[in-house]
Amino acid sequence: MAKTAKAATVQVKLVKSLICSKKDQIATAHALGLRKIGDVSVQPDNAATQGKIRKISHLLEVSEANGGAK
């Protein structure tokens, strides 16, 4: 079998509260797997994820996720 390159991923952390956020922003955070402050999620780095991040960027901290090496 041929080796495949690992897909790029981003690590997303919710750093501000969802209280007083619009309903669509709360839904976007939940779609990223973020429910409460401090939650961290690793997402694929694609156009859909970048759009979600852009929508609630004022609530997030985003960094590149290493392939498991920490």
| Could you state the principal axis extents of the C-alpha atoms in the chain, from the largest down, to the nearest angstrom? | 50, 25, 16
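In deg cm²/dmol, rounded to 500, what helix-only [θ] at 222 nm does the chain give when every DSSP H run of at least 4 residues adds -39500 (n - 2.57) and the total is split over its residues? Intermediate results must be reported in sequence, preceding the final value.
Numbers: 2 runs with 18 residues, N = 70.
About -7500 deg cm²/dmol.
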| query | Spin-label point model (7 Å from Cα, Cβ direction): what's the Lys23 to Thr9 distance in nm? | reply | 3.3
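Every read-out reported here was derived from the displayed coordinates using simple, explicitly stated rules and does not represent laboratory data. The shown structure was predicted, so the numbers you read here are calculated from the model rather than taken from an experiment. Cβ sites come from the backbone with ideal geometry, for glycine too, and all protein chains shown count toward neighbours.
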